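To keep things clear, I will list the structure first and then write my remarks on it.
Every read-out reported here was derived from the displayed coordinates using simple, explicitly stated rules and does not represent laboratory data. The shown structure was predicted, so the numbers you read here are calculated from the model rather than taken from an experiment. Glycine also receives a Cβ, built like all others from the backbone with ideal geometry; neighbour counts cover every protein chain displayed.
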Amino acid sequence: MRYQMQSCRQYGKCISGYRPTRKSQGISYRRSKKKSVIESISESTHSSYSPELLRYQKTIETPAEDYLFYRQSFRGIPVSNGWLRIDESASSKEFLGVHSRILDDAGIGQIESVGEFKPWVKEQAAVLKSKLAMGPTRQWDVLDTKLCYRIDKHKPKLAWKVQLAESKGVRSGDVYIDALRGTRIVVLKSTWSSPMAKGFVFRPNPLVHMDADALPDPKLLPTASYIQVPIPVSRSSRVLRNDYAYAWSPNSESHATAGQFFYDASDVRFGQTMALYYATWMQLYLGKTLGFSRANPGQVEFIVGFNREDNSYYDLARNRVYLGLGGIPDFQDAEVILHEYSHAIHSVINQPLSLDKSSINFLEGFCDYMALSTCEHFKVKHGGLSQEFAAWDGWKSGRRVRDSLGIRRADDDDLLSDTENQIHSTDRSDRASEFWTGVLWDLREAVAGSKAGHGDSVVLGALYKIDAPYTASNFAKAMLLYNRSHYSGHKEKSIVEVFTRRGIPVGL
């Protein structure tokens, strides 16, 4: 399989077959010759845009015309005296998270001319008004606040968007407060979390439940491979859509019974259930357990079974994941789904990094790590399996459980010098991405036993702190800085030893 993602539209899923390692030399695999989306964006020649957008293009080397489609992933819309974000849901209450270009250059110029890009209402006051609007007798947690434009009566208004969730309950919602007048624009409430629907998923793939030597046909998997879980949509819903994900398939049958999503792995609707369940679970893990509430890409659209290729990828411009059907269908492996969703995560945290072509192998390694680490919460340890990415997706007929090989690994022992020409290259390299996954996994093991999620937090937090140039050494420094600022340097010596052992120079 191939990786297709924003920075190299080759991100996303792995290469078809097994990845070559020193344990399996000589194994060949095919690559896609299809031009990546990011390459198409980079080759854009449009230039009829405002001076503000063109200055942004010159500074960040991002095509100006496409910036208006981006979410809250960087600073926002550049204006004469600061930055403003476009609200994703401003043009439609029905499709939360779908990108909408609600302001053209003339619209931005008009708002600038009357000075309506400076909020007169303070953020704290907007939060208080939002809590009152959602329910004054309830306790609310603030998930996120941001300044955006909201369409109201066909006119864009500067607004505070406040995302709230009930502290000990099931309600959540978005409230828009006029940032100039302090009046309420709209309240969008959601109660998808309770009572929830039910359905089957793999946790995280069938291999961890098997003791037999022979692997069965994927369509004939034993009942023990499935587990019944609450599906995070309303019990009355026939659509797999919530605040974090929307999953559907071209030409598939609809969900006949509301709140019942019990399918076997041969049904593409099983993939819809898997995609929504794992994307939601990962976002809740990042936001509620690790505290990264702003690492939220909004409602990511999953198109399950979009073609017959053994390929999946994340499309930044549309905030959309495509899951292919070839080989073992990608929707059957939770690690593949989480890998693709992780591309959306790092694009929100640090978009310039995500768009940097030379960072492709760092980002691939990061996404493998996030998929593996989060799935550890679900895994039942199997003595015959080593730490590999997408072991189920990499399985082929005739293999035994004990011989199952994933597509890439997290337990290699490469040094930076072994992959330095590749890790900083614009060409995707499995060995280079494996090296980086291994570095991050070593860090995770080095801080194990301290605070819950310590390793994942340091890896994610570094994305906030790093600036170009994006090198292994600068990533290491960013991780150490985040560990100091949020964990008071806890286990810093162990973390430094990881980098030293891997040949990564670190100096603060």
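What net charge do the residues around Lys219 carry, taking every other residue with its C-beta under 11 Å from that of Lys219, with Lys and Arg at +1 and Asp and Glu at -1? Write out the running numbers ahead of the final one.
Details: positive: none; negative: Asp217, Asp264, Asp267.
With Lys, Arg at +1 and Asp, Glu at -1, the neighbours total -3.
Pairs with C-alpha atoms separated by more than 21 Å, drawn from the list Lys146/Lys189; Lys161/Lys189; Lys379/Lys465; Lys118/Lys161; Lys122/Lys161; Lys129/Lys157, are Lys379/Lys465. In order along the stretch 373-380, the phi-based Karplus estimate (6.51 cos²θ - 1.76 cosθ + 1.60, θ = phi - 60°) of 3J(HN,Hα) comes to 5, 5, 6, 4, 5, 9, 6, 9 Hz; Gly and Pro are listed as x. Cut-off 11 Å, label point 7 angstrom out along Cα-to-Cβ of Asp141: give me the residues of the stretch 261-288 whose amide nitrogen falls inside. Zone members listed by number: 284-288. Size descriptors for the stretch 305-383 (Cα atoms only): Rg and Dmax, in that order, 13.4, 42 Å.
For the stretch 123-187, the relative contact order works out to 30 percent when only alpha carbon pairs closer than 8 Å and six or more residues apart are counted.
Here the simple spin-label model places points 7 Å from the Cα toward Cβ, and for Arg501 and Asp418 these points are separated by 1.3 nm.
In a shell of Cβ-Cβ distance under 15 Å around Ile495, excluding Ile495 itself, what net charge do Lys and Arg (+1) and Asp and Glu (-1) give?
Numbers: positive: Arg444, Lys451, Lys465, Lys477, Arg484, Lys491, Lys493, Arg501, Arg502; negative: Asp442, Glu445, Asp456, Glu492, Glu497.
Every neighbour counted, the sum reads +4.
Using C-alpha pairs under 8 Å with a sequence gap of at least 6, the mean separation divided by the residue count of the stretch 196-501 gives a relative contact order of 15 percent.
Starting from the Cα gyration tensor of the stretch 453-496, take the square roots of the eigenvalues, sort them a ≥ b ≥ c, and report rounded, prolate or oblate (rounded when a/c is under 1.5, otherwise prolate if a/b is larger than b/c, else oblate). Can you show the working numbers first?
On the way: a/c = 2.00, a/b = 1.56, b/c = 1.29.
Judged from the Cα gyration tensor, the stretch 453-496 comes out prolate (a/c at least 1.5, a/b above b/c).
Of the peptides 262-268, 292-298, the order by per-residue mean of other Cβ atoms within 10 Å, starting with the highest, comes out as 292-298, 262-268.
Summing Lys, Arg as +1 and Asp, Glu as -1, what charge do residues with Cβ under 10 Å from the Cβ of Trp160 carry, Trp160 excluded?
Charge balance in the 10 Å sphere: +3.
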